[in-house]
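Trainee: Just dropping this structure here.
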Amino acid sequence: MSIPTTHPFDFDPTYGMRLEELLAIEPPEEPDGFDAFWEARYRKALTVDPQPVLSRSELTHPDWHVLDLVYFSTDAFRIGGWLLLPRAQEVRRGLVVGHGYGGRDRPDFDLPVKETALIFPCCRGLSLSSHPPISENPSWHVLYDIDKPDAYIIGGCVEDIWLAVSTLVALYPWLSGHIGYSGISFGGGVGAMAIAYDQRIDRGHLALPSFGHQPLRLKLPSVGSAQSVQEYQAEHGNVLETLHFYDAATAARRITVPMLTAVALFDPAVAPPCQFAVANSIPKYNEIFILDAGHFDYLGNAEQEAVLRDKIGQFFRVP
């Protein structure tokens, strides 16, 4: 194991917890009405026609046709992204690929999948879906409408994922029932909430998932967006009224499809106890892959990522 012992942070990104302790973490107590809250949002999202528009991209790749994509999400929010289609294979599976809180400036051409149509959406307010006055800075984006439980931007981002699924179904109806989701960090947390209520997603990969166990997320020293939320809570003191409904660990208890979840023992941006709260909450068909560290370079990083990459390829392979 190569858990970092030298780092620039003024706190311990392992939080003094060993693997057995992390594997024992349970989700927080959930608020009344959690299911009703999300089920209503999902029903509304299903009524939206994404009206996808494809155009030739300036990006090229020898293995993929690359198309620029625009579709509409809830509240007529215009979402930008990319669609990749294999040049030499038929399309038999769909995959929606989320992004971290840094957004995305191009698709990932190296995902180990075949016979798959890939959608890379940029969630609202970020990258190709930027929309002032929403800030693209994660520390501000994560606070947008956080005082309004029904309007908090993270809920809109979940809906953007559902509408990405709707876009795949609209473009390739035969993919219905054969659409997966893969997301890291921000995309992992949003993905847990999306998968929990969208029966059209048949399997998911979450890496370093954010937004898990919000009460712990508010307490454990962190950098990045979590720190921003902690500072907001210190000033206003009421943030859990919203965040209880946006807890990836609570949502993960509802996931019933096969899952591959990668979580880290050391992570300054997404505290490991919060990541494990998500992974531990998934009821069944869940493989948990342990990384020594997340959001941080470490000895052995490339080797562990290579093993995980192989697992992802097997997980999303077409039968």
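Trainee: Taking S139, is it touching a residue at least 60 places away in the same chain (Cβ under 8 Å) and open to solvent by 10 Å² or more (accessible area, probe 1.4 Å)?
Mentor: When the stated conditions are applied, S139 passes them.
Trainee: Let me spell it out: the conditions are (1) of a type outside the set (A, V, I, L, M, F, W, C); (2) touching a Lys or Arg at 6+ places or on another chain (Cβ under 7 Å); (3) within 27 Å of L308 (Cβ to Cβ); (4) in a loop (DSSP other than H, G, I, E, B), and H131 meets all of them except one. Which number is the exception?
Mentor: (3)
Trainee: I'd like the residue in the stretch 1-26 that is in a helix (DSSP H, G or I) and touching a strand residue (DSSP E or B) at 6+ places or on another chain (Cβ under 9 Å) and, out of all such residues, is most open to solvent (accessible area, probe 1.4 Å).
Mentor: Restricting to residues being in a helix (DSSP H, G or I) and touching a strand residue (DSSP E or B) at 6+ places or on another chain (Cβ under 9 Å), the top hit is L19.
Trainee: Do we find that E241 is farther than 25 Å from G103 by Cβ, touching a strand residue (DSSP E or B) at 6+ places or on another chain (Cβ under 6 Å) and either touching a residue at least 40 places away in the same chain (Cβ under 8 Å) or not in a helix (DSSP H, G or I) (or both) in this structure?
Mentor: No: the conditions fail for E241.
Trainee: Restricting the search to the stretch 43-84, which residues are of a type in the set (G, A, S) and in a loop (DSSP other than H, G, I, E, B)?
Mentor: S57, S73
This table checks each residue for (1) in a helix (DSSP H, G or I); (2) not hydrophobic (A, V, I, L, M, F, W, C).
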{"residue": "A151", "(1), (2)": "no, no"}
{"residue": "E159", "(1), (2)": "yes, yes"}
{"residue": "V165", "(1), (2)": "yes, no"}
{"residue": "V169", "(1), (2)": "yes, no"}
{"residue": "G189", "(1), (2)": "yes, yes"}
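Trainee: Tell me which residues, restricted to the stretch 229-253, are open to solvent by less than 10 Å² (accessible area, probe 1.4 Å), under 24 Å from T14 (Cα atoms) and of a type in the set (S, T, N, Q).
Mentor: T250
Trainee: Could I ask something else about it? Collect the residues in the stretch 142-164 that are in contact with a Pro (Cβ under 9 Å, 6 or more places away or on another chain) and surrounded by 23 or more Cβ atoms within 10 Å (Cβ to Cβ), keeping them in residue-number order.
Mentor: D160, I161, L163, A164
Trainee: Can I ask one more? With the requirement that a residue be among the aromatic types (F, W, Y) and crowded, with 23+ Cβ neighbours inside 10 Å, what does the stretch 102-133 give you?
Mentor: If the condition is that a residue be among the aromatic types (F, W, Y) and crowded, with 23+ Cβ neighbours inside 10 Å, then F120 is the only one that fits.
Trainee: Restricting attention to the stretch 27-68, report how many residues are more than 26 Å from F245 (Cα to Cα) and either without any contact (Cβ under 8 Å) to a residue 12 or more places away in the chain or within 20 Å of the chain's Cα centre (by Cα) (or both).
Mentor: Adding up the residues that qualify gives 2.
Trainee: Just checking, which of D202, D198 is among the charged types (D, E, K, R) and open to solvent by less than 10 Å² (accessible area, probe 1.4 Å)?
Mentor: D198
Trainee: Can you tell me which residues in the stretch 27-42 are assigned to a loop (DSSP other than H, G, I, E, B) and touching a helix residue (DSSP H, G or I) at 6+ places or on another chain (Cβ under 6 Å)?
Mentor: P27, P28, E30, P31
Trainee: Restricting to the stretch 213-228, name every residue that is open to solvent by 50 Å² or more (accessible area, probe 1.4 Å) and either in contact (Cβ under 8 Å) with a residue 24 or more places away in the chain or in contact with a helix residue (DSSP H, G or I) (Cβ under 6 Å, 6 or more places away or on another chain) (or both).
Mentor: Hits for the stretch 213-228 are P221, Q227.
Trainee: From R43, R56, R18, R87, which residue is charged (D, E, K, R) and closer than 21 Å to D198 by Cβ?
Mentor: So the residue among R43, R56, R18, R87 that is charged (D, E, K, R) and closer than 21 Å to D198 by Cβ is R43.
Trainee: Just to be sure I understand, how many residues within the stretch 288-304 are modelled with pLDDT of 95 or more and open to solvent by less than 80 Å² (accessible area, probe 1.4 Å)?
Mentor: 9
Trainee: What do you reckon, is S210 polar (S, T, N, Q), open to solvent by less than 20 Å² (accessible area, probe 1.4 Å) and touching a Gly at 6+ places or on another chain (Cβ under 9 Å)?
Mentor: yes
Trainee: Ok, one more. Report every pair of residues separated by at least 6 positions or lying on different chains whose Cβ atoms are under 7 Å apart, first residue within the stretch 255-277 and assigned to a helix (DSSP H, G or I), second of a type in the set (K, R).
Mentor: Close Cβ pairs satisfying both conditions: C274/R217.
The values are calculated or read from the model by the stated rules, or taken from the named source; none is laboratory data. Keep in mind the model is a prediction, meaning the values are calculated, not measured. Ideal geometry is used to build each Cβ from the backbone, glycine not excepted, and the neighbour counts take in all protein chains shown. Side chains are part of the model used for accessible areas, which takes the heavy atoms of the whole protein and leaves out ligands, DNA and RNA. Shrake-Rupley method; radii C 1.70, N 1.55, O 1.52, S 1.80 Å.
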